[in-house]
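Each remark here refers to the structure printed beneath this line.
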Amino acid sequence: MGNVPVFKETLLGNLPQEEYMLSGHNACPGCGAVLAVRYMMKVLQDKAVIVIPASCWSIISGVNPLRSLETVVLHCPFPAAAAVGSGIRKGLQAVGDLQTQVVVLAGDGGTFDIGLQGLSGAAERNEDIIFVCYDNEAYMNTGMQKSSATPYGSASTTTPAPRVKQNPKKDIMKIMAAHQIPYAATATIAFPGDLIAKVRRAMEIRGFRFLHILAPCPQGWGSPVEKTVELSRLAVLTHVFPLFEIQDGKQYRLTYHPEDPLPLEEYFRPQRRFASLEPEQVELVRENVAYSWEELCRKAGIL
């Protein structure tokens, strides 16, 4: 497989114009998770069942008649999202509906932590659902507490500066690859064409599919609301959050390869959560990012 950037396949001006997310939602200004779902819904349209556990999106989606999505939404307990999605799929199959997409939409808490057991079980059974994690790297809905998706060196309300988080972010993509599911991919809101292409790809495949979307949170990250998309782009251009996909847990493909990565400091600087990092800590992060990037490139057959 080639390594042509997927985001070039759908330029910003050629994105689907139809909107299946309504205006007037109650998300915070600059919310990355809103943009992620807005782009995703352009592909899913109104032909999906969206399962949402406790998360920012359980608030953003609204309560009838003040809903924000033009499709069926079902709320469920925090740890049960993948199990509920699996049950809905079985019910649709029982009535002969193989067309409706069942999508679980969970934050990093409902994916990396509280929802991990249900996620792993559904992946192991190869349930025919799409599990989407919008990752804002903390429990933002309940007070910006750290999760296992919170990166090393960042402050949160449970790891306040200077006692910032001392362990690295859990590598959820390696965990999903270990399940050898049919499809897993990363995406960000700064590359909407890439994100949309991956949602479309996931919809073409049967079995368990996983999308990991980085979604900056200005309130939790301590960043200006107008920097949300820029931070998503910087995460990719600094190799902090590579864009790639995995098929059957084995075939890796980079969908964007920054030839000359930007300095890590450009990603850290706009975020107050990294303000207390010492130079030696930045160097440690830089070494880990470089190691992970090289490992990913080897798996993708580039090195």
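For region 165-172, putting each phi into the Karplus relation 6.51 cos²θ - 1.76 cosθ + 1.60 with θ = phi - 60° gives couplings of 4, 9, 10, x, 5, 4, 8, 5 Hz, in residue order, rounded to whole numbers and with x for Gly and Pro.
Binning the C-alpha pair distances of region 157-303 at 10 Å intervals from 0 yields a P(r) profile of 10, 37, 36, 15, 1 %, listed from the shortest bin outward. Here each label is just a point 7 Å from Cα along the line to Cβ, and for residue 303 and residue 251 those points are 2.3 nm apart.
With the cut-off at 38 Å, report for the chain the share of all Cα pairs above it, as a whole percent. That fraction is 7 percent.
Where does region 222-302 land on Rg(C-alpha)/(2.2 N^0.38 Å)?
Ratio of Rg to 2.2 N^0.38 Å for region 222-302: 1.20.
Just rank 245, 19, fewest to most, by other beta-carbon atoms within 10 angstrom.
19, 245
Order of 273-280, 94-101, 220-227 by packing, highest average Cβ count within 10 Å first?
So the peptides 273-280, 94-101, 220-227, ranked by packing, come out 220-227, 273-280, 94-101.
Just to verify a number: FRET efficiency for residue 265 and residue 204, C-beta to C-beta distance, R0 = 30 Å, to 0.05? About 0.15, to the nearest 0.05.
Could you work out the helix-only [θ] at 222 nm for the chain, with each DSSP H run of four or more residues adding -39,500 (n - 2.57) and the total divided by the number of residues, to the nearest 500 deg cm²/dmol?
-10000 deg cm²/dmol
The alpha carbon centroids of region 187-201 and region 204-256 are separated by 9 Å. Amide H neighbours of residue 210 under 5 Å, at least 5 residues apart or on other chains, H built in the peptide plane: list them. When sequence neighbours closer than 5 places are left aside, the close amide H contacts are 131, 183, 184, 185. One Cα centroid belongs to region 14-46, the other to region 259-297; the line between them spans 30 Å.
Contour minus end-to-end for residue 280 and residue 15, with contour as 0.36 nm per residue of separation and end-to-end as the Cα-Cα distance? Each step should come with its number before you reach the end.
Details: separation 265, 0.36 × 265 = 95.40 nm, distance 4.24 nm.
Gain on extension, residue 280 to residue 15, equals 91.2 nm.
Most tightly packed first, judged by the mean number of other beta-carbon atoms within 10 Å of their residues, the peptides 126-137, 64-75, 203-214 read 126-137, 203-214, 64-75.
Selection among 20, 261, 66 by position relative to the dipole of the chain gives 66 as farthest towards the positive end (Cβ unit charges, Cα centre). When the convex hull of its Cα atoms is viewed from all sides, region 67-158 shows a mean projected area of 6.9 nm². Convex hull volume per residue, computed on the Cα atoms of region 104-166, equals 75 Å³. Net charge in the neighbourhood of residue 286 (other residues with Cβ under 11 Å of its Cβ; Lys, Arg +1, Asp, Glu -1) is -4.
Net charge dipole, region 6-299: roughly 460 debye, given to the nearest 20, about the Cα centre with Cβ charges of +1 for Lys and Arg and -1 for Asp and Glu.
Where a Cα-Cα gap under 26 Å defines reach, which lysines qualify for residue 170, not counting those fewer than 8 residues away within the same chain? Partners found: 146, 198, 227, 250, 299.
Every read-out reported here was derived from the displayed coordinates using simple, explicitly stated rules and does not represent laboratory data. Just so it is clear, the model here is predicted, and its values are computed rather than measured. Positions of Cβ are backbone-derived with ideal geometry, glycine not excepted, and every protein chain shown enters the neighbour counts.
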